[in-house]
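Report on one structure; see the data block that follows.
None of the figures in this text is laboratory data; all of them are computed from the coordinates on show. What you see is a predicted model; the values in this text were computed from it and never measured.
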DNA sequence: GTCTATATTCGGATAGAC
DNA sequence: GTCTATCCGAATATAGAC
């Protein structure tokens, strides 16, 4: 692995754990086993490195979610596959976490991967809901866009509840709750 | 207002905006218009002050939510009142935000108000759902505890989506989505 | 109770040698 | 490309005067 890659991966890990404000260049260097000069040779500074790390995390997350949402089965099955995916719940979401950091939100370069990830995710789930309705699998009563936003919000909010509680259970409850409400839309 | 109160209110405001890691004692002093020595006379340090601020925020939040959830009308109406309450969406949740901060989660004194707020909120909403089912207003199919967790998660996740997007709309979509799914449970 | 002075470490980087 | 030296301000206090 290249020095750049190790720096990016270390930054991904530290941003996930400590957030942007809580992650120092020195901590990144130590985690990556890379010297000061080396880091500043490859990257302009902390914001530059964070931007690279966030772009990579966004790409990876999208890949995983895309797979869940194209799983075999009905629209409901695919959304359930996304919601039920095995997660490290107490760690939270690598991307969603960044939405809380004012320095990330204030910098368009840093916010862009976060915004795009959620835009894509909501749109993809809305598409599935709409397809399910057209296919007659889901009742036509609910709005696909709104429903998709609710599904994504349940996951992001589930992380918040779980971390607040110090245990994964509230996340799992929220997911079951969402699936219970969604199941009532099935026409079968 | 006493010096203590001004310090607590300033800490509440700064924790909301910048989080725990991002809030310095100096910033608190300046925001409160209080000197260094004065702050350390009244509080042992940053964690002590933050604990006082979080306890107060938790108490206030609970008061507001309790009012929504006891509004006139059916169980659905009360949950809708909670979900639709006018919020400063892009600022996020004063309490939920803390769940992302590792230093808050690691300190039992700081985590307690956060955990208790969400425990109470989920329990109160679960109670409403169960009452609605018993009264025949809501279909008996969904689990009250799980549904309540989903409702609270939609709000917390809605904040994440809105901040990521830089606009309030995704929050409002998520709320409408949740209400749409919940409305389908009404037997009327 | 409040103020000013002082201390230590960290954050975030630049400079220049190798 | 990588290393070490150096810089300046901020974070988080403690000490002691008023």
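Entry note: segment B:3-183 has Rg to Rh equal to 1.04, where both radii use alpha-carbon atoms and Rh is the Kirkwood radius. For segment B:89-188, a/c is not less than 1.5, where a ≥ b ≥ c are the root eigenvalues of the C-alpha gyration tensor, and a/b does not top b/c. That puts it in the oblate class. When Rg and the Kirkwood Rh are both derived from Cα coordinates, the Rg/Rh ratio for the protein assembly as shown amounts to 1.00.
How many angstrom separate the Cα center of segment B:109-127 from the Cα center of segment B:1-64? Taking the Cα centre of each part, segment B:109-127 and segment B:1-64 sit 22 Å apart. For segment B:141-188, what class follows from the C-alpha gyration tensor (a ≥ b ≥ c being the square roots of its eigenvalues): rounded when a/c is under 1.5, otherwise prolate if a/b is larger than b/c, else oblate? It is oblate, given that a/c is not under 1.5 and a/b is not larger than b/c. Could you grab the relative contact order for chain B? Cα pairs under 8 Å, six or more apart, rounded to a whole percent. So the answer I get is 21 percent. In the protein assembly as shown, the DSSP-assigned H stretches of four residues or longer account for a calculated mean residue ellipticity at 222 nm of -23000 deg cm²/dmol, using -39500 (n - 2.57) per stretch and the full residue count as denominator.
Taking the longest Cα principal axis of chain B as reference, the axis of helix B:75-84 is set at about 40 degrees.
Rounded to the nearest 10 degrees, the angle from helix B:169-183 to the longest Cα principal axis of chain B is 40 degrees.
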